[in-house]
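The values are calculated or read from the model by the stated rules, or taken from the named source; none is laboratory data. None of the values given here were measured: they were computed from a predicted structure. Every residue, glycine among them, receives a Cβ derived from its backbone with ideal geometry; neighbour counts consider all protein chains shown. All accessible areas refer to the heavy atoms of the entire protein, side chains included, with ligands and DNA or RNA removed. Shrake-Rupley method; radii C 1.70, N 1.55, O 1.52, S 1.80 Å.
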Amino acid sequence: DAITVADLAQKLAMKGGDVVKALFKMGVMATITQSIDHDTAVLITEELGHKAVAAGANDAESELLAHAEEVQGEKQQRPPVVTIMGHVDHGKTSLLDYIRRTKVATGEAGGITQHIGAYHVETPKGVISFLDTPGHAAFTQMRQRGAKLTDIVVLVVAADDGVMPQTAEAIQHAKAAKVPLIVAINKIDKSDADPSRVKSDLLTYEVVAEEFGGDIQMVELSAKTGQGVDDLLDAILLQSEVLDLQAVFEGRATGVVIESALDKGRGPVATVLVQQGQLSKGDYLVCGIQYGRVRALFDENGTQVQVAGPSIPVQILGLSGVPEAGDDFVVVADERLAKDVAQQRDTKRRELRLVASAGNRMEDILAQMGEGSSQQLALNLVVKADVHGTMQALREALTGLSNDQIKINVIGSGVGGITESDAQLAATSKAAVIGFNVRADASARKVIDNNGIDLRYFSIIYDVIDQVKQIASGVLGKEV
Ligand code: GDP
């Protein structure tokens with residue numbers, strides 16, 4: 001957790017000597033090659049951060065805001081943006097491929113659809129955009145970065161296999177993000193397909209089909225033969241109408257990066273999804289910590305286009321560097337502003353990264369959640385256990401600790417080790433993770449470390465309850 005003064009200075013884009021001086025003022029003697037501990041690093045960052053950002057700091061950003069506000073105008077219906085999730089091998093890729101193959105308008109003869117991270121289809125009833133990286137890893141990563149792109153989740157469940165662990169995970173992720181679900185019951189061409197079992201299995205997860213009195217649309221289909229796929233597209237458009245998705249179609253564009261790469265010949269390329277306004281060739285833009293002028297736009301067929309409107313993905317060329325997936329972009333009037341904002345963000349982002357690792361301890365989460373809201377505090381937990389019975393018992397006992405001052409939400413639970421998906425759910429929902437006789441795997445630990453998530457291991461149920469109780473009491477300042 002320690003960091004050398006030189007590294008810290010680099011992260012802060014400052015001279016090493018200046019950091020040494022600042023440390024000295026705080027009473028810490030350290031040379032440039034020496035390490036300081038995590039807490040000191042955070043303290044000094046805040047100390048310097050204030051100064052570093054203070055002078056004329058937020059000017060560019062507020063100028064940008066003023067710009068963004070100009071993107072006001074009449075709102076119109078916009079196409080929905082869909083992410084496909086589900087258990088491995090249930091047919092997510094096949095479904096995306098089938099839809100792309102049969103529904104994407106290939107402009108000129110011989111147009112071959114390319115993978116740019118998303119595509120849009122034009123049906124007689126309306127337009128739909130699909131993010132074509134299936135699975136919830138991409139979905140949660142984006143959300144973690146604050147990008148709320150997905151309007152509807154299509155949950156693919158194979159009719160011959162039924163609800164599986166990753167099906168349950170996908171449900172938890174969609175629910176945590178408050179994104180509505182449509183269930184695609186896939187592989188109905190198979191002889192052992194049993195769609196009604198899928199529907200009744202889903203009841204356990206409070207995903208209730210319309211025929212059972214719920215409000216979740218379920219479509220039976222085959223990604224292999226294409227049977228039922230049109231019904232799915234209809235269901236998506238119907239859900240989209242209910243959601244009443246709107247955007248301004250004129251003016252400078254804003255949106256989010258879906259995918260990016262450094263292309264040998266073409267330089268930085270990014271696929272962006274426009275959320276408001278119209279993105280045009282020649283526009284100046286800030287994109288995360290990058291900036292540039294749109295040199296060219298390409299659709300999913302690799303065809304050059306002049307403009308792209310809301311919910312439409314396009315690949316753009318002309319950025320100063322490679323932005324990250326989840327970065328936002330804003331079109332601005334001139335290059336100077338684009339450059340200023342990008343540089344300021346760069347400095348800020350370095351600082352934030354450093355401070356972010358200060359942690360999401362249960363105590364902190366609890367205190368943060370209470371701020372501003374009603375008197376009731378909330379604590380989100382992800383609970384994983386080795387056996388089903390224990391998991392259930394823990395869920396009930398923890399939820400049962402809730403009273404009018406504190407609410408314990410078990411937002412995710414399951415049997416088995418703590419996975420990357422669990423960790424991401426915790427990160428996006430500001431939750432602590434509890435492992436009962438199970439451990440976090442390497443990829444989960446990485447997410448946990450990067451996000452400073454509070455992870456605790458237990459092997460005695462009483463200890464779990466006792467510790468959560470103690471923490472809650474500590475924050476509340478009285479017995480729970
Ligand atoms: P993913 O892991 O969810 O992306 O699943 P894939 O799309 O890779 O599909 C897994 C396997 O199921 C592949 O062998 C597909 O050919 C097959 N598959 C997918 N959809 C269907 C379907 O509707 N019917 C049949 N019979 N096989 C399917």
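Share of the chain's accessible area from carbon and sulfur, percent, 1.4 Å?
It is 49 percent, rounded to a whole number.
Evaluate the relative contact order of the chain (contact order divided by residue number), counting alpha-carbon pairs under 8 angstrom at least 6 apart; express in whole percent.
Reported relative contact order: 13 percent.
Which shape class, rounded, prolate or oblate, goes with the stretch 398-475 when its Cα gyration tensor gives a ≥ b ≥ c as root eigenvalues, a/c under 1.5 marks rounded, and past that a/b bigger than b/c marks prolate?
prolate
Calculate, for residue 238 and residue 89, the FRET efficiency according to 1/(1 + (r/R0)^6) with r their C-beta to C-beta distance and R0 35 Å; round to the nearest 0.05.
For residue 238 and residue 89, the calculated efficiency is 0.80.
Kindly flag which residue pairs out of 187/430; 103/430; 125/281; 92/384 have an alpha-carbon separation exceeding 31 Å in this structure.
Exceeds cut-off: 187/430; 103/430.
If the reach is capped at under 23 angstrom between alpha carbons, list the lysines near residue 21, excluding any in the same chain fewer than eight residues apart.
11, 51, 348
How many nm is it between the label spots at residue 280 and residue 407, if each spot is 7 Å from the Cα in line with the beta carbon?
It is 4.7 nm.
Kindly rank 274-281, 243-250, 161-168 from highest to lowest mean number of other beta carbons found within 10 Å of each residue.
Per-residue Cβ counts within 10 Å, averaged per peptide and sorted highest first, yield 274-281, 161-168, 243-250.
Using the basic label-point model (7 angstrom from Cα toward the beta carbon), what is the residue 343 to residue 462 distance in nanometres?
It is 6.3 nm.
Restricting to the chain, what percent of DSSP beta bridges are antiparallel, rounded to 5?
Approximately 50 percent, going by the DSSP bridge assignments.
Using the reciprocal of the averaged 1/r over all distinct C-alpha pairs, how large is the Kirkwood radius of the stretch 203-339 in Å?
One over the average 1/r among Cα pairs gives 17.0 Å for the stretch 203-339.
Note the direction-averaged projected area, equal to a quarter of the hull surface, for the Cα convex hull of the chain, in nm².
26.3 nm²
In the full protein assembly as shown, how much of residue 29 is accessible to a 1.4 Å probe, in Å² to the nearest 10?
140 Å²
Based on the Cβ-Cβ distance of residue 437 and residue 122, what FRET efficiency does E = 1/(1 + (r/R0)^6) give at R0 = 60 Å, to the nearest 0.05?
The value I calculate is 0.70.
For residue 10 and residue 231, compute 0.36 nm times the residue count separating them, minus their Cα-Cα distance, and round to one decimal in nm.
Difference between extended and current length: 74.1 nm.
Quick one: compute the contact order of the stretch 146-241, relative version, from alpha carbon pairs under 8 angstrom and 6+ residues apart, as a percent.
29 percent.
Solvent-accessible area of residue 206, probe 1.4 Å, all protein chains present, reported in Å² to the nearest ten, please.
Probe radius 1.4 Å; accessible area of residue 206 about 140 Å².
Would you calculate the separation in nanometres between label points at residue 192 and residue 204, each defined as 7 Å from the Cα along the Cα-to-beta-carbon direction?
About 1.8 nm, to one decimal.
At 222 nm, what value in deg cm²/dmol follows for the chain if DSSP H runs of at least 4 each add -39500 (n - 2.57) and the sum is divided by all its residues, to the nearest 500?
That calculation yields -11500 deg cm²/dmol at 222 nm.
Could you calculate the contour length gain from residue 101 to residue 148, that is, 0.36 nm times the residue separation minus the distance between their Cα atoms, to one decimal place in nm?
Residue separation times 0.36 nm, minus the Cα-Cα distance, leaves 14.2 nm.
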